[in-house]
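What follows is a single structure, written as structure tokens, with notes after it.
Derivation of every value follows stated rules applied to the coordinates shown; laboratory data play no part. Owing to the predicted nature of the structure, the values given are computational and were not obtained by experimental measurement. Cβ atoms come from the backbone with ideal geometry, glycine included; neighbour counts cover every protein chain shown.
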């Protein structure tokens, strides 16, 4: 493949890498213990608490760093669930016969009518509020979206003449999927899964903000924002820091997705 | 193509599909709430209740009945528009939802209209003037807008306009609802702007993408070569072609706006559908959860139905296809 110079991709990788770096550093070093409440309540940014402390006296920088792990983990977990199940379901529908395909795509249309966040609320309602429930729910909500996209892509490939040629020469279905379908559809899938990663991170933050995600000891950015809301006037860093990091992470993956799309599809490259 | 391409035929088929989808949605909702682990009866009794109390709670809920029988009574409830009673307040769910819609519907519609009013010109300028500084700025701002959580934007706006400048209320809604329209409108200004800004960001990207497709199209170049002015060619050819994919996205966006409202209501302590749902979930109030999710998913399906109809009115080529259209290729859905 020809090397593509893409500022979008590079910028996205830098932003995303920054959050990954914060998460990695938090694994080996933290300024304070996450449950240390001895910092004095709601102190302003300065020394020794660079971003200040929250209403329980915990160091905000520490909380935000731990939050990076949770955000990345939630995004990755949800994309893993939604990606695997969605692609499997999509390939299956793509290959299904006419009326079965009609029925399944009607079902997908209905499932898509349940937006991810509502579906997530439903799962959290039935189970209890936890990070696992939230990630599972967001992942399941993603399945229909990924499946519908995969189905369209599979259909497009199957309509090609080389598939007819392969079938007439006796190639089996499994070989067609692994040899022709998947190699043709993965670039578009990867781009969309990257976008879904960003959607999942925002959905986890929203659920945690509503009190339907990770319960208190976990430093989810969404829950930090919810807790800091009441004290935004005295300690604005509690609202600014998690929000900016969310922005950096989601902007990063969105730019990566845009850059990849341009790199993988030369016909789009000229339209900046 | 043997299918008829007339509008009446299409209307009938699409309406049939809507009815099937509504039924399917109620089945999916029923099954998800019943089959997911977790016993709603536990919500009715206090912690450490003895088995008899739990059994009594199950009986009250009807969850001790066979699944098929439960489904029968659920359908009966739907047919009579009776959504049951709240576990917590014992009030009927249906009227309470209608009451909450008095906040959510104006919030959603106003935010949606404002978002469209921002996004249509912004997206067109971002495409048509992509090489200028303001075209680039518009693209960059919309890129930022799709990367922030909607409730965060709300918090920032509250801090600036309610806490610093003190020009608008930070949250809440008049106790007596719309009886004083001025007060009601004032308390909706910040929530509406919050949702609209975030929605406008993603919508701008779709409009920009559709506009780029139109601006680079052969038919526009041909029209220009035949002597049409840019304005005239855009009006006659560009608009009709460009607007179709945008409408399909508008349908999805209206549904997403509803969701944005659901989250934002919690930022501004508005007594709408969203805060009702969040509260019901934390209290395990199943009839309320079920009712709110049913109403909102029906609304989303109905919006999709209307968006499909409008598209077919504009573009007869689509009438052979049951649902959806070629969506524009911009990223950033949520």
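The angle between the Cα long axis of helix B:239-267 and the longest principal axis of the Cα atoms of chain B comes to about 30 degrees, rounded to the nearest 10.
What is the fewest-to-most order of B:74, A:99 by other Cβ atoms lying within 10 Å of their Cβ? Present the calculation step by step, with values, prior to reporting the outcome.
Working: B:74 20, A:99 8.
Ascending Cβ contact count within 10 Å gives the list A:99, B:74.
What FRET efficiency do you get for residue A:233 and residue B:224 if R0 is 41 Å and r is their Cβ-Cβ distance, rounded to the nearest 0.05? Using R0 = 41 Å, I get an efficiency of 0.15.
A simple spin-label model places the labels of residue B:282 and residue A:7 4.5 nm from each other, with each point 7 Å out along Cα-to-Cβ.
Relative to the dominant Cα principal axis of chain B, helix B:181-215 is inclined by about 50°. Per-residue mean of foreign Cβ neighbours for B:11-20 is 1 (Cβ atoms of other chains, 10 Å radius). Here B:206, A:233, B:10 are placed in order of increasing Cβ neighbour count within 10 Å, fewest first, which gives A:233, B:10, B:206.
Annotation for residue B:34 and residue B:306: the two label points, set 7 Å from Cα along the Cα-Cβ direction, are 3.2 nm apart. Ordered by the count of other Cβ atoms within 10 Å of each Cβ, fewest first, A:116, A:150, B:222 give B:222, A:150, A:116.
Could you tell me the calculated FRET efficiency between residue B:217 and residue B:64, based on Cβ-Cβ distance and R0 = 51 angstrom, to the nearest 0.05? Mind showing how you got there, number by number?
Numbers: r = 63 Å, r/R0 = 1.23.
FRET efficiency, residue B:217 to residue B:64: 0.20.
The Rg/Rh ratio for region B:121-253, using Cα coordinates for both the radius of gyration and the Kirkwood hydrodynamic radius, is 1.13. In a GNM of chain B with a 10 Å cut-off on Cα contacts, which of B:56, B:162, B:280 has the highest mean-square fluctuation? Sorting by GNM fluctuation, first place goes to B:56. Springs join every pair of Cα atoms under 10 Å in this Gaussian network model of chain B, and among B:257, B:159, B:80 the largest mean-square fluctuation is at B:80. I'd like the distance separating the alpha-carbon centroids of region B:217-262 and region B:134-175, in whole Å. The distance from the Cα centre of region B:217-262 to that of region B:134-175 comes to 28 Å. Projected label points at residue B:156 and residue B:117, each 7 Å from Cα along the beta carbon direction, are separated by 2.2 nanometres.
Put the Cα centre of region A:148-182 next to the Cα centre of region A:18-83 and the gap is 47 Å. The length gained by stretching the chain between residue B:144 and residue B:163 to full extension, at 0.36 nm per residue less their Cα-Cα distance, is 4.4 nm.
Rounded to the nearest 10 degrees, the angle from helix A:237-264 to the longest Cα principal axis of chain A is 20 degrees.
Counting, for every residue in A:248-258, the Cβ atoms of other protein chains within 10 Å of its Cβ and taking the mean gives 3.
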